[in-house]
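First the structure, in the form of structure tokens, and then the observations on it.
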């Protein structure tokens, strides 16, 4: 009668707290990312403009370029300008092409996003069911040979980096069999090889983790409780084991998605994919720093958004996570 | 032989949780004070504050009237034996090294071979063979590990020994040997000791003085025989009723229905007034006229009652009116 | 060291070890042996396919690709190892900073790691590649620093795991300084996982480095590594696939060598599951005897075996009647909890349960049933009439489901109730076990319940059907004494009101004495004594029962004499002695006890059962 458990505060406050904490972290991370991208140019030893234009360029040309980039202003002034430009959507001008960086990014971003999202979906759709099924089949030391085969295949596949897999796939399916185009972005067929080379490694990792997580959940006391309730096997696996096994998988899936965003850099180079990945490599080699800055920012923000999505999903799935986090 | 005194000690974890709330407690020289209470009552936190593992937010801890200051890397005059012997010994260190590490270092302390002799002496003191010096904890049983932990604590030449639930992780057949060892050592070495346990029967067996803790406060303290023979606080009575008696084969009679199924209080949200009132069998839930229990903190007047009982309705009231106003003031401040 | 050797003796470990050794030897000796062949320019054979002279053909300057791949191993592996060491050293420093710097500095280091670890390594590597410039040196630094955050996070996690342990607190109390603490106590305890992860990390670094060289940001001409060779030959993959594939294969093999070796070591250091095959020796179901109408549970010669083989339960027999509370006491390793789980059919493979008879309400529980529908009938019977209460109420509920749903679930399954009706029943049952505000509580998650309330809810879950038996495995051990009493009383009330039988497992003989009608004392997988709880204090005849009673202090223990003790330690189920398992610790053991195993005759399994008068002798007999 007097046992006072403040139910409303338990429901409302953690979510508010969670939102505030999470947004705070996002803003902090974005600030650090922006500062790092800004400082990147200033950390390079020597004069970046001279580096970009080469030793043969006339001094007057270098000076003009420096002035147009604002590199002669005091550092804090440059930082404020940089922030101001960012807010107005102005990412500067590419040194090599003279085009606005924002135009280049707008032009190239969709190709990269398509690639990453498609690869992520393929990886998850293959890995999660496969990992869970293997977990069920090999629980409690059952089918040791299947377990060994699964684990070693997964280890080997996960150890092959995406660009090598890409080369191998190109050789087999494009050069030898002529099933898919060697490079370029055209019809559906042109997506198959890039998406596969990006998806296989993460899928192997994810499937392994899924299996391990499921096995861990099968060992828990609450699963024993579910068995003690004499529920049929599908109910035990689908209702009790799955939701708990999937929470850890989501955390890892988020990390892998972040990794895939970065992995596009290499894969795009193999396939000559007209995305941000090939842009960043060519601009680093060409020392086109404004363009590098812009692309790094886009990649960084992409990763941060993926992390945010993961945290929100976890909070929705697991009622404890909002409270646990602090 | 030294006296350990807690004066108005408060320990907080973060902003939300006050684990220990204005505790006054004295461990007299050469005596054993047994501290009982349920989980979350703050008894382990009090111990951790004494050895410097938790920082008090208020009050002070005095050793022979001198406030304790713990500096990292300095020798500590208080040593502690932990609950879980599987966690309290470094698995990568021989037990000889573990014990030697706790020995005071300094120009006047033994070195080299005599240090080794001291380790052997300590091992034999706790009833282990000298050839165990180079054994790793993995080769020992739980009871043997707990003996090593005791030897390590003694190696630090402690002025006060703190034992935190040292038998609760052991099998019942082993528990007795460790309790016997602790009692013998305490008597032989005349150690001052704070002995913490949730088990009243164990505390009774080793202690000269018994203190009962509830939700961060001492609710009753006095000589063991008196507190157990003539408990003043209803919580002490409840603990006594729950403790096993020789040959008892039935559950004790149920409490009044209203408090029988009360939930244990949440240390994050301690009740106002008397902290025990939501569970008290002689409190406002049963006796509706006792409304003051809901608002008035009985800790303030505890010094006037027998066993310093924190209960408005404790039977024994001390006649002596020579109260101590400053202490009372402090207690009131802490209770806010 | 012994464990490293054990890893090398497994097939995977040995294979990976050999492979790794080969790769490392190649890196050391290949440039010494074949540099000449690799650099020899043959303008007559530019970009040729494989031939007897050039196994894998030649590159655009006519150099032999096979030898170039071999020679490139040194650069590739050396740079990868350099980058790995940078990652490990930086990561260790960042990760252990909190242990050395104290609170404030530690928090800053943790914040840096937390933010950096959110970005993929390749992205960090690109960032650093811009800063350090394009080239081998820049790439080593870039990949090294890019790998540091994840290694720092690993170090932090491992340190946090160790720092919680009491030996760290004990060392602090002993006056051990921060630096010595890190070096003597923390690092040795996390060294193994760190080494394993560094090995796996070296494989990853090798691949990442190849990637950077591949896109032209790593090793620059005239130097070459596998990545650069691959990148340069990619455009010619149509005409000359071997040039592109050979360095690729080399990278994968070298990366796998590191990876597999690390994985093998990690697996070897973890818990090993013995892989003995178990034949199903479960006897065919035998019909239950019908001479005992009152019996709820009949157990006859129950054995539980695990691969090893270890048999922690060795022939337990007992019968529980309607409305009876039977207690099972014993120390850890006595087999009491496994007995409860076996009876409840909750032993999972590779565990094996055998019994001459195991029947519940007259229905046999063991053995394969011929028809699927009978299996469903058995499941329904257990689901409605057989309730289980576990030790730890904190972990025994599914954390992601509301309490009410978890209670209702079984009733929907077995009693065919609708969602609404099952929920109503759940709320009613929560009320029955006296959970306050049951309706609101049913909508809460387990973490919003206190321990005692959760245990009530667990009992309430057992009451969803119409149980004939509640098996409670240490139901009060995780609870405070006062709450303990509430739960025990609840069980007793349920027994009295609904005539439910209870099998109560506990290590605490005083708990068992308070509520049970009958007590089974277990030692080393056997019942050694079976007696009414009223006779525990005076009528116990087995020396172990008596010792157990004497060893537990209660409020009437004499303060002036030492507690009775049982010498030695409980039997390890893997090393069961011959004869009576208790003989080594027993004051009355004779030669016969050490060779002949006593069986339960006349409620006691002992060659020298004690009579009441000898009780005091036992206590003195111990010293």
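The values are calculated or read from the model by the stated rules, or taken from the named source; none is laboratory data. Quick caveat: nothing in here was measured; it's all calculated off a predicted structure. Cβ sites come from the backbone with ideal geometry, for glycine too, and all protein chains shown count toward neighbours.
Conditions (1) crowded, with 21+ Cβ neighbours inside 10 Å; (2) in contact with a helix residue (DSSP H, G or I) (Cβ under 9 Å, 6 or more places away or on another chain); (3) assigned by TED's automatic domain parsing to the domain that holds residue C:550; (4) within 26 Å of residue B:241 (Cα to Cα), marked per residue:
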position	(1), (2), (3), (4)
C:429	yes, yes, no, no
C:457	yes, yes, no, yes
C:466	no, yes, no, no
C:512	yes, yes, no, yes
Exercise. Could you identify the single residue in A:98, A:149, A:131 that is closer than 30 Å to residue C:11 by Cβ, out of contact with any strand residue (DSSP E or B) (no Cβ under 6 Å at 6 or more places or on another chain) and either within 14 Å of another protein chain (Cβ to nearest Cβ) or assigned to a loop (DSSP other than H, G, I, E, B) (or both)?
Key: A:149
Self-check item: Members of region C:112-143 found to be more than 10 Å from chain A (Cβ to nearest Cβ) and crowded, with 19+ Cβ neighbours inside 10 Å, listed by number
Solution: C:113, C:136, C:138, C:139, C:140, C:141, C:142, C:143
Self-check item: Residues of region C:34-61 classified as touching a helix residue (DSSP H, G or I) at 6+ places or on another chain (Cβ under 9 Å) and without any contact (Cβ under 8 Å) to a residue 12 or more places away in the chain, total
Solution: 2
Quiz item: If residue B:33 satisfies every condition in (1) at the interface with another protein chain (Cβ under 10 Å from one of its Cβ atoms); (2) under 15 Å from the mean Cα position of the chain (by Cα); (3) over 17 Å from residue B:10 (Cβ atoms) but one, which is the exception?
Solution: (1)
Quiz item: With (1) modelled with pLDDT of 80 or more; (2) within 11 Å of chain C (Cβ to nearest Cβ); (3) touching a helix residue (DSSP H, G or I) at 6+ places or on another chain (Cβ under 6 Å) as the list, and residue A:48 as the residue in question, which single condition is left unmet?
Solution: (1)
Self-check item: All positions within region B:36-73 that are more than 14 Å from chain C (Cβ to nearest Cβ) and farther than 30 Å from residue C:100 by Cα
Solution: B:64, B:65
Exercise. Considering every residue within region A:251-263, establish whether at least one is surrounded by fewer than 23 Cβ atoms within 10 Å (Cβ to Cβ), under 13 Å from the mean Cα position of the chain (by Cα) and touching a residue at least 60 places away in the same chain (Cβ under 8 Å).
Key: yes
Quiz item: From the list C:91, C:102, C:95, which one is loosely packed, with under 13 Cβ neighbours inside 10 Å, in contact (Cβ under 8 Å) with a residue 60 or more places away in the chain and in the same structural domain as residue C:148 (by TED's automatic domain parsing)?
Solution: C:102
Practice problem: For region C:384-407, state whether one or more residues are touching a strand residue (DSSP E or B) at 6+ places or on another chain (Cβ under 9 Å) and farther than 26 Å from residue A:140 by Cα. | Solution: yes
Exercise. Of all residues in region A:206-246, count the ones that are out of contact with any helix residue (DSSP H, G or I) (no Cβ under 6 Å at 6 or more places or on another chain) and under 30 Å from residue A:305 (Cβ atoms).
Key: 5
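Could you please let me know if residue A:228 is facing another protein chain (nearest Cβ under 8 Å), touching a strand residue (DSSP E or B) at 6+ places or on another chain (Cβ under 6 Å) and at pLDDT 85 or above?
Values: facing another protein chain (nearest Cβ under 8 Å): yes; touching a strand residue (DSSP E or B) at 6+ places or on another chain (Cβ under 6 Å): yes; at pLDDT 85 or above: yes.
Answer is yes for this residue.
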Quiz prompt | Single residue of region B:176-199 satisfying the filter (touching a residue at least 24 places away in the same chain (Cβ under 8 Å) and at the interface with chain C (Cβ under 7 Å from one of its Cβ atoms)) that is nearest to residue C:553 (Cα to Cα) | solution = B:179
Practice problem: Tell me which residues, restricted to region A:76-89, are surrounded by fewer than 11 Cβ atoms within 10 Å (Cβ to Cβ) and touching a helix residue (DSSP H, G or I) at 6+ places or on another chain (Cβ under 7 Å). | Solution: A:89
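Which one of these is closer than 25 Å to residue B:49 by Cβ, surrounded by fewer than 23 Cβ atoms within 10 Å (Cβ to Cβ), in contact with a helix residue (DSSP H, G or I) (Cβ under 7 Å, 6 or more places away or on another chain) and away from chain C (no Cβ under 11 Å): B:154, B:128? Steps first, answer last, please.
Numbers: B:128 fails: closer than 25 Å to residue B:49 by Cβ.
Of B:154, B:128, the one residue that is closer than 25 Å to residue B:49 by Cβ, surrounded by fewer than 23 Cβ atoms within 10 Å (Cβ to Cβ), in contact with a helix residue (DSSP H, G or I) (Cβ under 7 Å, 6 or more places away or on another chain) and away from chain C (no Cβ under 11 Å) is B:154.
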Exercise. Take region C:509-530 and flag every residue that is modelled with pLDDT of 90 or more and either within 19 Å of residue C:553 (Cα to Cα) or not in a loop (DSSP other than H, G, I, E, B) (or both).
Key: C:518, C:519, C:520, C:521, C:522, C:523, C:526, C:527, C:528, C:529, C:530
Self-check item: Evaluation of residue C:570 against (1) within 10 Å of chain B (Cβ to nearest Cβ); (2) in contact (Cβ under 8 Å) with a residue 60 or more places away in the chain; (3) in contact with a helix residue (DSSP H, G or I) (Cβ under 6 Å, 6 or more places away or on another chain); (4) closer than 24 Å to residue B:178 by Cα (one fails), failing number
Solution: (3)
Quiz item: What's the number of the condition residue C:224 fails, among (1) modelled with pLDDT of 85 or more; (2) touching a helix residue (DSSP H, G or I) at 6+ places or on another chain (Cβ under 6 Å); (3) assigned to a helix (DSSP H, G or I); (4) more than 20 Å from residue A:201 (Cα to Cα)?
Solution: (3)
Self-check item: Residue in region C:173-209 that is farthest from residue A:281 (Cα to Cα), counting only those that are within 7 Å of another protein chain (Cβ to nearest Cβ) and touching a helix residue (DSSP H, G or I) at 6+ places or on another chain (Cβ under 7 Å)
Solution: C:174
Exercise. Would you mind stating whether residue C:478 is in a loop (DSSP other than H, G, I, E, B) and either within 27 Å of the chain's Cα centre (by Cα) or under 28 Å from residue C:303 (Cβ atoms) (or both)?
Key: yes
Quiz item: Pick from region C:491-508 the residues that are assigned to a helix (DSSP H, G or I) and touching a strand residue (DSSP E or B) at 6+ places or on another chain (Cβ under 9 Å): which of them is nearest to the other protein chains (Cβ to nearest Cβ)?
Solution: C:492
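Working only within region C:147-164, note down all residues that are facing another protein chain (nearest Cβ under 10 Å) and at pLDDT 85 or above.
So the first thing to find is which residues in region C:147-164 are facing another protein chain (nearest Cβ under 10 Å), and the list is C:150, C:162, C:164.
Matches in region C:147-164: C:150, C:162.
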Practice problem: Please verify whether region C:7-14 includes one or more residues that are at pLDDT 85 or above and surrounded by 13 or more Cβ atoms within 10 Å (Cβ to Cβ). | Solution: yes
Quiz item: What single numbered condition from (1) farther than 27 Å from residue A:244 by Cβ; (2) outside any helix (DSSP H, G or I); (3) assigned by TED's automatic domain parsing to the domain that holds residue C:323 fails to hold for residue C:397?
Solution: (1)
Exercise. Pick out the one residue from A:64, A:57 that is over 26 Å from the mean Cα position of the chain (by Cα), surrounded by fewer than 16 Cβ atoms within 10 Å (Cβ to Cβ), over 30 Å from residue A:316 (Cβ atoms) and at pLDDT 80 or above.
Key: A:64
